[in-house]
Amino acid sequence: MNPWTILLLDLLLGIHLAVYLYQRRADKDLTRSKIFILLFSLALPLGVQWGIRSLPTGFLFTLIPFLGTMVYLTMDLETALILSVVGSIAVALMGQPTLEGMVYHLLAGWTAVFTASYFRDRYSIYRVVLAVFFVCALLGMVLWPDIGLGEVFQKAFLSSLLSGFLVLGILPLYERFFGVATDLLLLELLNPNHPLLKEFAEKAPGSFAHSQNIANLAEAAARALGVNPLLARVAAYYHDIGKMAMPEYFVENQIASENPHDGLAPGESAKVLLRHVQEGIKIAKKYGLPKEILGVIETHHGTTLMEYFYAKAAQSSGSAEEAEFRYVGPKPRNKLEAILMLADSVEAATRTLDNPDPHELRTLVRTLMEKKLQDGQLDHTDLTRRDLQKIEEAFTQALMGVHHSRIEYPKDSNDHGDS
């Protein structure tokens, strides 16, 4: 192929990628960290292919499976598929600038992407390695039948194995240094044997149960809005970890009738409540939780007024400074953080209801969400009225599953069945 044609194609690919990234940044909050990850994941296969371009069968070696897997695990399916196309064309132009070369790299990359969608733990990478090896070997034999089987199998084996090892080696660095919440990391954080979750359940069992209930609401709302539902569930589990510092000061952990707040001035009680957010941030940083979860911990109360203690202070002294009884924020800055704030508020309120009907649940959800909206807590998000309607519907349906009507069975001393 004419070198000028190759140069022109590379330029067009670069323009295509730049436009795509610009659109993604505008539409889905593509962070600088993720752009760096994406570009590095693309540059590595290109650099390796450039280094081996002079080898007779170097075009049979491909790291596009690495590119596809990394982008899928750190971002999403759409981006992984598109980057696999861009990477495949660019790599093929360096080694085998033919249609066969592009097809070879592209199918190897897409095989890795679709196999990675079944990831459940880090050992799942071996499934990707096997799938890529099989596809590369088959394609090599079909597309270039004059090349020996030994050479085809060797390149397929090296391509799949090296791609897998690079994913296992680099992915934890992305998670740690860039705070990327990959699904693999989220699944590990959701494991009930995770040390932080175990500590949370032991020290503040009521708050842990409260967080589990919030997780059901948050996951349903996230699914309705196209936000990562797994991230929403994990964020809900960890959003109140700061309550471990003083669990007895939160009503869900108060087993005894005595309330520690009875011996405190309203202002002191407010400080205790404020502290759980700061403690949560401190613990999250200690355990290296992803930035998205850290953001939820920071914003799940926004600058909401602690109404009970504010009213108590106003009643006892005749006046009170509202600013002293508001959380310090910041307010939610994206849909995930908004969902968690609303889910936290709704779950706490519905705990006091006794066998409510669907109309009561929907009314309560709508009232609480409207209150947050009027208080300006959602001003920094891009939620639309349509989004709020979807959240309301998701919350209501999830709550109806919990607060469903129960059949009242006749009391019978001989009946020991469950109701």
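Only the coordinates and a few stated rules stand behind these numbers; no lab work does. Computed from a predicted model, the values in this text were never measured in an experiment. Cβ sites come from the backbone with ideal geometry, for glycine too, and all protein chains shown count toward neighbours.
Numbers for the structure displayed
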read-out	value
Alpha-carbon Rg/Rh ratio, for the stretch 122-220, with Rh computed the Kirkwood way	1.25
The stretch 3-178: projected area of the alpha-carbon convex hull, averaged over directions, in nm²	9.8 nm²
The stretch 70-119: chymotrypsin sites (Phe, Trp or Tyr not before Pro) in DSSP loop, at most 16 other beta carbons within 10 Å	Y118
Scattering profile of the stretch 28-88 at q = 0.20, 0.23, 0.29 Å⁻¹ [log10 I(q)/I(0), Debye over alpha-carbon scatterers]	-0.71, -0.87, -1.20
Rounded to 10°, Cα long-axis angle of helix 385-402 versus longest principal axis of the chain	70 degrees
Burial order of peptide ranges 334-343, 176-185 (average beta-carbon count within 10 Å, highest first)	334-343, 176-185
Cα-Cα P(r), the stretch 189-280, percent of pairs per 5 Å interval	3, 14, 20, 21, 17, 12, 8, 4, 1, 0
Cα Rg, Dmax, the chain, angstrom units	26.9, 93
Positive-end extreme of charge dipole, the chain - chosen from V365, V346, V328 (charges on Cβ)	V328
FRET efficiency, 1/(1 + (r/R0)^6) with R0 30 Å, evaluated for K203 and R223 via beta carbons	0.45
For the stretch 311-354: rounded, prolate or oblate by the Cα gyration tensor [a/c cutoff 1.5]	oblate
For the stretch 57-122, alpha-carbon Rg and Dmax in angstrom	11.6, 37
Normalised per residue, the volume of the convex hull around the Cα set of the stretch 183-402 (Å³)	125 Å³
Degrees between helix 307-317 axis and first principal axis of the chain (Cα, 0 to 90, nearest 10)	40 degrees
Angle in degrees between helix 64-74 and the longest Cα principal axis of the chain, rounded to the nearest 10	10 degrees
Nitroxide proxy distance, nm - points 7 Å out along Cα→Cβ at L12 and K291	3.5 nm
Filtered GluC sites (Glu not before Pro), the stretch 233-305: DSSP coil and at most 12 other beta carbons within 10 Å	E258
